[in-house]
Amino acid sequence: MPLLDTLRPHSIVVFRALQVGDMLCAAPAFRALRAALPDARITLVSLPWAKWFADRFNHYIDEFIGFPGYPGLPEQTPDISALPWFIAGMQARRFDLAIQLHGDGSRTNSIVALFGARRRAGFGSASSLGMEEADYLEYPEREHEVIRLLRLMEFIGASRVGDHMELPISAADEMELARFGVATQAPAGHYVCLHPGARSASRRWPPRCFAKVGDYLHFEHGLDIVLTGSASDASTNSLVARAMRAPVIDAAGPISIGAMAALMQRARLLISNCTAASHIAVGLQLPSIVVFTDSDLKRWAPLDASRHHAVWDPDGSHVDEVIRYAGELLRPE
């Protein structure tokens, strides 16, 4: 019998201390968990930025606890002085169930064990299987991230409620976008978003490639070009803008994820080399093209290949393929 059926937990803590795209991929798993246990209190432990995610998905998540980091985890520099207080606080909560939703468990199962929950579940290696008071699923190495997480939910007894991603837009997002001023320059439904930035330089498609696609979309389809991104993407966006013949609206700046998503929601199409931006588009049901240069395409490409296209192009030689897909996605249905 699945774990949830035997344990019927009232309090659950889920550990997933990752970045934006990784968290958006977990939304279907949280949806399944909430459907299986509508009255349970579900707590998310994640990186401090992810309070935004927990607040956004408060129909699935009841509480957020910021994670101070841990030696050996690369996502943030650990605050060593805060760790004893964090662990003591977690153990005092006496959660019924702790779910490790962060990777294969080689580094994180020991962290989740410190939470002191009555039972643990998550991904683990073959050597982890059968550990006392823990339910581990062998980590599926070559599976899409969304499906991988749903497979764990099914393993513990939470049936999937679709594999679609979602991203609610709030009134606060709309207000922030209005204050930012970009929306007044780009009429809704009359622009395309290009997102040239990425956390790692190795994942960035060459600016000349974005520029060629942007010029095509402007001169052949009559669409305005909006360059999206955070303030840290300003220099990358500038390289794209200088390489283009068409005018651009540069929206890189101190803007929240939600406000950027509100800007994308009004677009006709997104073209990105950033999987986080790609996942935002999927959540918004915005047609998109994501260019992969070194990430695992099978793991991170959108599941819906009709509305979202993935292109493998590490050397910038497949611009024409991106242009062809863009024309297909812009064609009236």
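The values are calculated or read from the model by the stated rules, or taken from the named source; none is laboratory data. Keep in mind the model is a prediction, meaning the values are calculated, not measured. Ideal geometry is used to build each Cβ from the backbone, glycine not excepted, and the neighbour counts take in all protein chains shown. Areas reflect the complete protein model, heavy atoms only, side chains present, ligands, DNA and RNA absent. Shrake-Rupley method; radii C 1.70, N 1.55, O 1.52, S 1.80 Å.
Tallying residues that are open to solvent by 10 Å² or more (accessible area, probe 1.4 Å) and at negative phi within the range 4-20 yields 8.
Just for the range 181-200: of the residues that are assigned to a helix (DSSP H, G or I) and open to solvent by less than 70 Å² (accessible area, probe 1.4 Å), which one is modelled with the highest pLDDT? Residue satisfying both the conditions and the ranking: VAL182. Scanning the range 74-88 for residues being assigned to a helix (DSSP H, G or I) and either touching a Pro at 6+ places or on another chain (Cβ under 8 Å) or of a type in the set (A, V, I, L, M) (or both) gives a total of 6. When PRO71, PRO9 are screened for being at pLDDT below 95, outside any helix (DSSP H, G or I) and over 30 Å from ASP304 (Cα atoms), only PRO71 passes. Put simply, of ARG160, ARG142 the only residue that is under 19 Å from MET23 (Cβ atoms), of a type in the set (Lys, Arg) and touching a residue at least 40 places away in the same chain (Cβ under 8 Å) is ARG160.
For the range 291-312, the set of residues classified as among the aliphatic types (A, V, I, L, M) and either open to solvent by 20 Å² or more (accessible area, probe 1.4 Å) or closer than 20 Å to ARG148 by Cα (or both) consists of LEU297, ALA301, LEU303, ALA305, ALA310, listed by residue number.
Residues that are at pLDDT 95 or above, part of a helix (DSSP H, G or I) and open to solvent by 10 Å² or more (accessible area, probe 1.4 Å) within the range 207-235 comprise PRO207, ARG208, LYS212, ASP215, TYR216, HIS218, PHE219, GLU220, HIS221, listed in sequence order.
Yes/no matrix, rows are residues, columns are (1) modelled with pLDDT under 95; (2) in a helix (DSSP H, G or I); (3) open to solvent by less than 20 Å² (accessible area, probe 1.4 Å):
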residue: MET90; (1), (2), (3): no, yes, yes
residue: ASP104; (1), (2), (3): yes, no, no
residue: PHE115; (1), (2), (3): no, no, yes
residue: PRO140; (1), (2), (3): yes, no, no
residue: GLY162; (1), (2), (3): no, no, no
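Working only within the range 238-260, note down all residues that are crowded, with 24+ Cβ neighbours inside 10 Å and part of a helix (DSSP H, G or I). Selection gives VAL240, ALA259, MET260.
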